[in-house]
Amino acid sequence: MENRKKGIAYGVGVGPGDPELMTLKACRLIRENDVIALPGKEPKETVAYKIAVAAVPELADKELIPVYMPMVMDRQVQRENHRKGAELIASYLEQGRNVVYLTLGDASVYCTFTYLQDYLEADGYETQLISGITSFCAAAARLNIPLVEWNEPLHVLPALHKLGDDMALPGTYALMKSGSHMKEVKDMLRASGKDVQMVEDCGMPSEKVYRSVDEIPDEAGYFSLIIAKDPE
């Protein structure tokens, strides 16, 4: 019996929200492959799908597979869901079919696909990460400000309220995943003395821009990106 060549699992970043910020490579891979995986119970309800289908309308006619990735803190539950997701993708790879997993932003930055990638590679499958524009780069561009200049360092922090970071280091801070604890984060930002701006839902129809700590609401959405810079 002839051995069937196994498919490749692609983790493809679709950018922060604006369909025009998707890469040509991301669009090509969607067009060239029939199986598209999305992180959620209902693929067409995911943010990644809504971004990508606006750039590649053919996506609506692809075979969409849901990969359930619930946001829970229990590491054992997380691992179980990651394994199930990897096994689902592997079932298509075994048929010799590629799977394109669509993810927000860049596929190497806090990306759900990387958890699946670990399992898939351990089981002998080939994977590839396809870069996309990150949320913090897109937010800086939307604010029309440089993210970093000259020899400034860049600090990318998720959930600042959990880290207890006082932002004492010089340079620019890009703060992600802080929406649910925004009041606490705002207090930390005020104490830092940095110049603060925020973009919520960058590139999406619901996008909002805030130019100071005081403008930022105490309750903000999950896709809220804060940029805090040293005052000039």
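The values are calculated or read from the model by the stated rules, or taken from the named source; none is laboratory data. Being a predicted model, the structure only gives us computed values, none of them experimental. Positions of Cβ are backbone-derived with ideal geometry, glycine not excepted, and every protein chain shown enters the neighbour counts.
Looking only at residues of segment 55-79 that are closer than 17 Å to Tyr110 by Cα and exposed (fewer than 10 other Cβ atoms within 10 Å of the Cβ), we find that the one that is modelled with the highest pLDDT is Arg75.
What about Lys186, is it at negative phi and at pLDDT 95 or above? Spell out how you get there, then give the answer.
Numbers: at negative phi: yes; at pLDDT 95 or above: no.
Taking the combined requirement at face value, the residue does not satisfy it.
Checking Ser180, Ser192 one by one, the residue that is small (Gly, Ala, Ser), more than 16 Å from Asp214 (Cβ to Cβ) and either exposed (fewer than 15 other Cβ atoms within 10 Å of the Cβ) or not assigned by TED's automatic domain parsing to the domain that holds Asp106 (or both) is Ser180 and no other. With (1) under 27 Å from Thr114 (Cα atoms); (2) in contact with a strand residue (DSSP E or B) (Cβ under 6 Å, 6 or more places away or on another chain) as the list, and Val196 as the residue in question, which single condition is left unmet? Failing condition for Val196: (1).
I'd like to verify a number: residues in segment 217-232 that are assigned to a loop (DSSP other than H, G, I, E, B) and surrounded by 22 or more Cβ atoms within 10 Å (Cβ to Cβ), how many?
2
Checking the structure you have, find out if any residue of segment 109-120 is modelled with pLDDT under 95 and surrounded by 22 or more Cβ atoms within 10 Å (Cβ to Cβ). No, segment 109-120 has no match at all.
Please enumerate the residues belonging to segment 94-105 that are under 17 Å from Glu32 (Cβ atoms) and surrounded by fewer than 23 Cβ atoms within 10 Å (Cβ to Cβ). Once the filter is applied, which keeps residues that are under 17 Å from Glu32 (Cβ atoms) and surrounded by fewer than 23 Cβ atoms within 10 Å (Cβ to Cβ), segment 94-105 yields Gln95, Gly96, Arg97, Asn98.
Within the option set Ala37, Ala52, being surrounded by 14 or more Cβ atoms within 10 Å (Cβ to Cβ), of a type outside the set (Val, Ile, Thr), assigned by TED's automatic domain parsing to the domain that holds Tyr119 and outside any helix (DSSP H, G or I) holds for one residue only, Ala37. Which of the following residues is over 27 Å from Glu20 (Cβ atoms), in contact with a helix residue (DSSP H, G or I) (Cβ under 6 Å, 6 or more places away or on another chain) and not polar (S, T, N, Q): Tyr101, Tyr125, Tyr92? When all the criteria are applied, what remains is Tyr125. Per the conditions (1) in contact with a helix residue (DSSP H, G or I) (Cβ under 8 Å, 6 or more places away or on another chain); (2) touching a residue at least 60 places away in the same chain (Cβ under 8 Å); (3) buried (at least 18 other Cβ atoms within 10 Å of the Cβ), the sole criterion not satisfied by Glu207 is (3). Filtering Gly221, Gly203 for residues that are on the phi > 0 side of the Ramachandran plot and of a type outside the set (Asp, Glu) leaves a single hit, Gly203.
Out of the residues in segment 1-34 that are part of a strand (DSSP E or B) and among the aliphatic types (A, V, I, L, M), state the one that is farthest from Met204 (Cα to Cα). Spell out how you get there, then give the answer.
Within segment 1-34, the subset part of a strand (DSSP E or B) is 8-13, 15.
Right, trim to among the aliphatic types (A, V, I, L, M) and you get 8-9, 12.
Details: Ile8: 30, Ala9: 27, Val12: 19 Å.
Checked segment 1-34; the qualifying residue farthest from Met204 (Cα to Cα) is Ile8.
Tell me which residues, restricted to segment 90-115, are farther than 30 Å from Ala138 by Cα and touching a residue at least 12 places away in the same chain (Cβ under 8 Å). Give the derivation first.
Taking segment 90-115 and keeping what is farther than 30 Å from Ala138 by Cα, we get 90-97.
Of everything in segment 90-115, those that are farther than 30 Å from Ala138 by Cα and touching a residue at least 12 places away in the same chain (Cβ under 8 Å) turn out to be Ala90, Tyr92, Leu93, Glu94, Gln95, Gly96, Arg97.
Filtering segment 78-99 down to residues that are within 22 Å of Leu59 (Cβ to Cβ) and not in a helix (DSSP H, G or I), which residue is nearest to the chain's Cα centre (by Cα)? Checking each candidate, the answer is Val99. Determine the pairs where a residue that is among the acidic types (Asp, Glu), located within segment 62-84, has a partner that is modelled with pLDDT of 85 or more with Cβ atoms under 6 Å apart, the partner being 6 or more residues away or on another chain. Between residues of segment 62-84 that are among the acidic types (Asp, Glu) and residues that are modelled with pLDDT of 85 or more, the close pairs are Glu63/Asp34; Glu63/Val35.
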